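Asker: My questions will all concern the structure given below.
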Amino acid sequence: MFSVSSVSRVNDAAIRQRIDLKTKPPGSLGSLETLAAQLAAITGTEKIKLQKPVMLVFAADHGIASEGVSIAPPQVTQQMVTNFIAGGAAVNCFCQVANMSLHVIDAGMLSAVNSRRVIDQRLGSGTANIAISPAMSRETAEAGLQKGADVLRARHQEGSNVFAFGEMGIGNTSAASAVLAALLDLDTQETCGRGTGIDDAVFVRKQQLLGQALTRHRSMDDASDTINILASLGGFEIVQMTGAMLAAAEAGAVIMVDGFIASVAALAAVHIAPEARGYMVFCHRSEEQAHQCILDALGATPLLDLGLRLGEGTGAALAYPLLLSAQSFYNCMASFDDAGVTPV
Ligand SMILES: O=C(O)c1ccc[n+]([C@@H]2O[C@H](COP(=O)([O-])O)[C@@H](O)[C@H]2O)c1
Ligand SMILES: Cc1cc2nc[nH]c2cc1C
């Protein structure tokens, strides 16, 4: 379904040398040097070229939300989508600062919003309750991967080569924690977190429900197959983000991963096509406790650590200026020769 090539390593030495010849002690720009090297390998050794940055926010609802596993009721998903298109959410503010264009995708909310500013990619009216039955059929999960890929390819054709991934979905930390447990063969006690900020009693109930979901899932045939995991435990936004990330990697574009839920989609994408990992920039460390399991599994050090746990793509929008700074120093900073600086 996806044909992803590894990020080329042939110019690694030239990229490293170019960074080392800039007017600074070697390594003194720290993680920004690693980031610049990655962006150069993806977009061009001579010059990093980040073009038309796009934020894609995938929204969907979750059957398990009916169990009260969030601080908010499911209607908030749609209310926040209305807020996104009105320009009033945190992600709108940060995209404006970063000069990123924001696109909102209805991947399957309880009901559609009547607006041409929402991209309709509905896979249904929310998933089934994963504690009781599969979230969706395998066919729906496959259609979701395809729909996610379609929206990405359309933006890529318009000239974008850097894509940030955010989401909105009441109950989606439950789905993401369940998918994570299945992908990494962990216990749901390790992957369950507090999402929007649930109290102790709700947390215990959420752990119980996720345990039930995993027991149900593990009794299925081919329970370790990634698409089966997404179908059984995932969400419509998670599966579409996975497809869109795979299409971005296929197109040779930069993938900016936001918080916990987007990182679970990234992990699923890497399980489907390991080559996709090289295109991914992990933008921030989420407060959701199991985020670290994903970062460890993918060998990722996030750019920011601000204690965020909002989602929406906020951490990715906040990180985009760092990508621009990496681009700027790589493309514009003088070399020792250019500037006549002789450190030894
Ligand atoms: O991405 C994250 O790191 C993150 C961590 C906690 C919560 N969220 C957001 O909060 C919602 C999910 O939380 P919950 O408690 O409803 O499962 C969903 O809309 C996410 O965007 C997002
Ligand atoms: C208000 C609100 C805003 C959000 N944005 C992302 N997830 C959210 C969850 C809630 C509850």
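The values are calculated or read from the model by the stated rules, or taken from the named source; none is laboratory data. Please read these numbers as outputs of a predicted model, since none were measured by experiment. Note that we place each Cβ from the backbone using ideal geometry, even for glycine, and neighbour counts take in every protein chain shown.
Asker: So which pairs qualify, if the first residue must be in region 211-238 and under 14 Å from SER137 (Cα atoms), the second must be surrounded by fewer than 17 Cβ atoms within 10 Å (Cβ to Cβ) and among the basic types (Lys, Arg), the Cβ gap must be under 6 Å, and the two must be at least 6 apart or on different chains?
Answerer: So the pair list comes out as ALA231/ARG138.
Asker: Which residue out of ALA37, ALA14 is among the small types (Gly, Ala, Ser) and closer than 22 Å to MET256 by Cα?
Answerer: So the residue among ALA37, ALA14 that is among the small types (Gly, Ala, Ser) and closer than 22 Å to MET256 by Cα is ALA37.
Asker: So, in region 83-104, exactly how many residues are within 12 Å of ligand 2 (Cβ to nearest atom) and either in contact with a Pro (Cβ under 7 Å, 6 or more places away or on another chain) or not hydrophobic (A, V, I, L, M, F, W, C) (or both)?
Answerer: The total comes to 3.
Asker: Another question about this same structure. Of the conditions (1) of a type outside the set (Lys, Arg); (2) away from ligand 2 (no atom under 16 Å from the Cβ); (3) closer than 29 Å to SER8 by Cβ, VAL264 fails just one. Which one is it?
Answerer: If we test VAL264 against (1) of a type outside the set (Lys, Arg); (2) away from ligand 2 (no atom under 16 Å from the Cβ); (3) closer than 29 Å to SER8 by Cβ, just (2) comes out false.
Asker: Still on this structure: Mind checking which pairs have a first residue in region 175-196 that is surrounded by 24 or more Cβ atoms within 10 Å (Cβ to Cβ) and a second that is assigned to a loop (DSSP other than H, G, I, E, B) and β-branched (Val, Ile, Thr), Cβ under 8 Å, 6 or more apart or different chains?
Answerer: Qualifying pairs under 8 Å: ALA175/THR127; ALA175/ILE130; ALA178/ILE130; GLY195/VAL69; GLY195/ILE71.
Asker: Those residues that are surrounded by fewer than 19 Cβ atoms within 10 Å (Cβ to Cβ), part of a helix (DSSP H, G or I) and within 16 Å of ligand 2 (Cβ to nearest atom), I need them from region 270-292; list them, please.
Answerer: Within region 270-292, none qualify.
Asker: Return only the number of the condition from (1) under 17 Å from the mean Cα position of the chain (by Cα); (2) assigned to a helix (DSSP H, G or I); (3) over 28 Å from GLU275 (Cβ atoms) that TYR320 does not satisfy.
Answerer: Condition (3) is where TYR320 drops out.
Asker: What number of residues within region 293-311 are surrounded by 15 or more Cβ atoms within 10 Å (Cβ to Cβ) and not in a loop (DSSP other than H, G, I, E, B)?
Answerer: Qualifying residue count for the region: 5.
Yes/no per residue for (1) of a type in the set (A, V, I, L, M, F, W, C); (2) out of contact with any strand residue (DSSP E or B) (no Cβ under 8 Å at 6 or more places or on another chain); (3) away from ligand 1 (no atom under 12 Å from the Cβ):
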{"residue": "ALA265", "(1), (2), (3)": "yes, no, no"}
{"residue": "CYS283", "(1), (2), (3)": "yes, no, no"}
{"residue": "GLY307", "(1), (2), (3)": "no, yes, no"}
{"residue": "PRO321", "(1), (2), (3)": "no, yes, yes"}
{"residue": "SER325", "(1), (2), (3)": "no, yes, yes"}
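Asker: Okay, next question. Where residues in region 246-269 are of a type in the set (Val, Ile, Thr) and part of a helix (DSSP H, G or I), which of them is farthest from VAL4 (Cα to Cα)?
Answerer: Among them, the one singled out is ILE261.
Asker: If you check ALA223 against the conditions, is it part of a helix (DSSP H, G or I), assigned by TED's automatic domain parsing to the domain that holds LEU298 and small (Gly, Ala, Ser)?
Answerer: Considered against the rule, which asks whether it is part of a helix (DSSP H, G or I), assigned by TED's automatic domain parsing to the domain that holds LEU298 and small (Gly, Ala, Ser), ALA223 comes out as no.
Asker: Sticking with this one: Need at least 2 residues that are under 16 Å from GLY235 (Cβ atoms) and within 16 Å of ligand 1 (Cβ to nearest atom) per element, so show me which strands (runs of 3 or more DSSP E) inside region 33-136 make the cut, counting only ones lying wholly within it.
Answerer: Working: elements: 54-60, 101-108, 118-120.
In region 33-136, 54-60, 101-108 are the strands (runs of 3 or more DSSP E) which contain 2 or more residues that are under 16 Å from GLY235 (Cβ atoms) and within 16 Å of ligand 1 (Cβ to nearest atom).
Asker: Mind counting the residues in region 39-82 that are within 15 Å of ligand 2 (Cβ to nearest atom), of a type in the set (D, E, K, R) and surrounded by fewer than 24 Cβ atoms within 10 Å (Cβ to Cβ)?
Answerer: Residues in region 39-82 being within 15 Å of ligand 2 (Cβ to nearest atom), of a type in the set (D, E, K, R) and surrounded by fewer than 24 Cβ atoms within 10 Å (Cβ to Cβ): 0 in total.
Asker: Being touching a strand residue (DSSP E or B) at 6+ places or on another chain (Cβ under 8 Å) and either near ligand 1 (Cβ under 7 Å from one of its atoms) or assigned to a helix (DSSP H, G or I) (or both) is the filter here, so list the residues in region 157-198 that pass it.
Answerer: GLU167, MET168, GLY169, ASN172, listed by residue number.
Asker: Here's something else I'd like to know. Suppose the filter is among the hydrophobic types (A, V, I, L, M, F, W, C) and under 27 Å from SER101 (Cβ atoms); does ALA178 pass it? Explain how you work it out, then say what you get.
Answerer: Details: among the hydrophobic types (A, V, I, L, M, F, W, C): yes; under 27 Å from SER101 (Cβ atoms): no.
It is false that ALA178 is among the hydrophobic types (A, V, I, L, M, F, W, C) and under 27 Å from SER101 (Cβ atoms).
Asker: Identify, by number, the condition in (1) under 18 Å from MET280 (Cα atoms); (2) surrounded by 14 or more Cβ atoms within 10 Å (Cβ to Cβ); (3) not charged (D, E, K, R) that LEU21 doesn't meet.
Answerer: Tallying (1) under 18 Å from MET280 (Cα atoms); (2) surrounded by 14 or more Cβ atoms within 10 Å (Cβ to Cβ); (3) not charged (D, E, K, R), LEU21 fails exactly one: (1).
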